[in-house]
1. Considering only residues that are free of Cβ contacts under 8 Å to residues at least 12 places away in the same chain and closer than 16 Å to residue A:136 by Cα, look in the range A:209-228 and name the one that is surrounded by the fewest Cβ atoms within 10 Å (Cβ to Cβ).
2. Out of the residues in the range B:234-244 that are part of a loop (DSSP other than H, G, I, E, B) and touching a residue at least 40 places away in the same chain (Cβ under 8 Å), which is nearest to the other protein chains (Cβ to nearest Cβ)?
3. For the range A:206-233, give me each residue that is modelled with pLDDT under 85 and within 14 Å of another protein chain (Cβ to nearest Cβ).
4. Go through the range A:298-328 and count every residue that is in contact (Cβ under 8 Å) with a residue 24 or more places away in the chain, touching a Leu at 6+ places or on another chain (Cβ under 8 Å), open to solvent by 10 Å² or more (accessible area, probe 1.4 Å) and of a type outside the set (A, V, I, L, M).
5. Cβ contacts < 7 Å: first residue open to solvent by less than 30 Å² (accessible area, probe 1.4 Å), restricted to the range B:32-44; second residue of a type outside the set (A, V, I, L, M, F, W, C), any location; separation 6+ or different chain. Result?
6. For residue A:84, indicate whether it is open to solvent by 80 Å² or more (accessible area, probe 1.4 Å), more than 30 Å from the chain's Cα centre (by Cα), modelled with pLDDT under 75 and within 14 Å of another protein chain (Cβ to nearest Cβ).
7. Output the residues belonging to the range B:253-271 that are open to solvent by less than 20 Å² (accessible area, probe 1.4 Å) and among the β-branched types (Val, Ile, Thr).
Amino acid sequence: MIRTKDPTATERPSVATPGEPGVATGKVPDRQTERRTSSVLLRRSRRWAAAVGRLVLLLFLVTASTFMLLKLTPGSPIDSILPPDATPAQIASARKQFDLDQPLVIQYVRWIGHVLHGDLGRSYRTHEQVLSMIRHAAPVSLEIAALALLTALVLSVPVAVWSAYRPGRLVDRVATALTSATLATPAFVLAILLVYVFGVRLGWFPILGWVPFSEDPVEHVRHLVLPVVTLALGQCVLFTKLLKGDMMATLQQDHVLSARARGLPTWRILIKHALRQSSFSLVTVMGVVVGQLIGGTVLVESIFSIPGMGTLLIGAVSSRDYIVIQAIVLMTALLYLVLNALVDRSYPLLDPRVRKGRAW
Amino acid sequence: MGQGGSLVAVPPVPSELAVGLRLRRNKRPIGAILGATWLILVILAAVLAQALPLPKPASLGNTYSALPGWHHLLGTDALGRDVLSRIVFGARGSMAVAVGATTVALLIGVPLGMISGFFRGATDSGISLFVNFMLSFPPLIFLIAVVTALKPGIVTLVVALSLLGIPNFARVARANTIALADREFVTAARALGASPLRILRRELLANVMLPVLSLALVVMATLVVAEGTLSFLGLGIPPPTPSWGGMLAAGRDSLRTDPQLVLIPALCFFFTVLAFNNLGDWARSRVGRGSSI
């Protein structure tokens, strides 16, 4: 396949990332020096080292703060394990058993040790291993989040491409109106409205519950539709806006004109020449998207009573089952942190135009 | 398809600029005006809630789930409480939390971002680490964690939501400070012997505030949604006090029979967020830069 080299692209100092008003353009490295491979390698390896260092520091801060979450919460874990009329001796032995008589640093190190061995503790309420609770709930949440992401892409890419190709026409106008309407509808409001229209009024889909795929594939999908659509619509807004903006800018560029001049069909230019280049900023917002998906999944699960991580979390919050809360906060924060670090590190791999200073 | 050559015939003006120009030339910013009107209404209602001739939001009536009518302009809920009164008093909580949290976040985030962008180096790295740390929790999970660790109530909500808002303000303040720090007026001030603090306060602050204030509108919209989400999940404003999120959650149970109990708070959310977004878009188009979340 021929990849057309784009002369205008290399001239552009930076990709217009939304949210970074002109920072990245501040110090553009001299192209001459960047061509020297040794310095590039050095710089690249130094940047990776710095990124890894930051990630490790953040991991420490995140684990330490989730550990502190349990310490900050009212009442010690012992209160919920021992009967209320426990003797001081019983309390002391329980404190010893849970390492609570040790300094905080030691407690933290031991806790991390347990976590690394996959021991997140036992639920105060059900005395079940927290890890096994998460192992049952996580696949459900992941399925919903992944399907929502996929649905959002499938819905928004064609709309964005067409709106950029024909701005101001019917598709664009309808899309713009729908986007700003969806943007103004919080996810939980959207969920209830969807439930009301498609569940209660039309009766097309069940309004709550969950059927495992192994039990009944058809019912499984029917139960999935409303939660997934709720989550996906929120993401659609972001995707459509970003992609449309980028596509419109790309369509102005010379290589599109040249492709046109060579007589390539429209769909081919749109998809092969413009979309590929424009889809980059979708990657840059993936960090935000993952965060929204995690939060959205919690919400959607609690609305549709789906037995995933969100339901687990909300249940734990209402029954003050702090050890479960701590485990879920820890797991989601780690997942989020690592995914974000990967996304950040992937820009330079995907697009040579941004191989330089970062901005937060 | 078929309209061959027009692919390149798109006018060579970046889209947002074109829209902005068109709006500014021959159109009043209707969205922003309507948004401002709605917000003024909501804020007035929230402030004057006590003085309005409304039944108490907690007083139980003897008509249950009534449709909107003469006695109860927006009807009553399942416990016979006046919906309009609950919406008005609910606006109080939502607005207090959103405005309070945005203000706190702005007051903390902007200095952080400006210091970080002005001094760069180690200070920048330190503040960056702090901001990245706050950003390393998924927003809703972060809120739930903070809210469970502290006592539920309005103060906790303000604390949690402002923590969520700080990184946004810090980021925009930092970016704009960096862009401005090399400008002539800053160099001139420095040459005149102004201290860094004076430069930050007298030269940079006013310039940074414009984009920051246009961001504040967007942040306020997200915080209204975040507060609603928490109240909806039962983790926000505790139940006897009315809140839009709580009303939605309560109305869910009677969705089949009384959809208006859900639709009314839903519309309130919709208009409020739409209003903030429209105003934010308008402000951003005027300021020329800024950031979304």
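1. Among residues in the range A:209-228 that are free of Cβ contacts under 8 Å to residues at least 12 places away in the same chain and closer than 16 Å to residue A:136 by Cα, the one surrounded by the fewest Cβ atoms within 10 Å (Cβ to Cβ) is A:214.
2. B:235
3. A:206, A:207, A:208 - these are the residues of the range A:206-233 that are modelled with pLDDT under 85 and within 14 Å of another protein chain (Cβ to nearest Cβ).
4. Of the residues in that region, 2 qualify.
5. From the range B:32-44, the pairs are B:32/B:278; B:35/B:278; B:42/B:272.
6. Criteria not met by residue A:84.
7. Once the filter is applied, which keeps residues that are open to solvent by less than 20 Å² (accessible area, probe 1.4 Å) and among the β-branched types (Val, Ile, Thr), the range B:253-271 yields only B:262.
Per-residue answers, yes or no, for (1) among the aliphatic types (A, V, I, L, M); (2) under 25 Å from residue A:163 (Cα atoms):
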{"residue": "A:212", "(1), (2)": "no, no"}
{"residue": "A:223", "(1), (2)": "no, no"}
{"residue": "A:250", "(1), (2)": "no, yes"}
{"residue": "A:264", "(1), (2)": "yes, yes"}
{"residue": "A:297", "(1), (2)": "no, no"}
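The values are calculated or read from the model by the stated rules, or taken from the named source; none is laboratory data. Quick caveat: nothing in here was measured; it's all calculated off a predicted structure. Using ideal geometry, Cβ is built from the backbone for each residue, glycine included, and neighbour counts are taken over all protein chains shown. Accessible surface areas use protein heavy atoms only, side chains included; no ligands, DNA or RNA. Shrake-Rupley method; radii C 1.70, N 1.55, O 1.52, S 1.80 Å.
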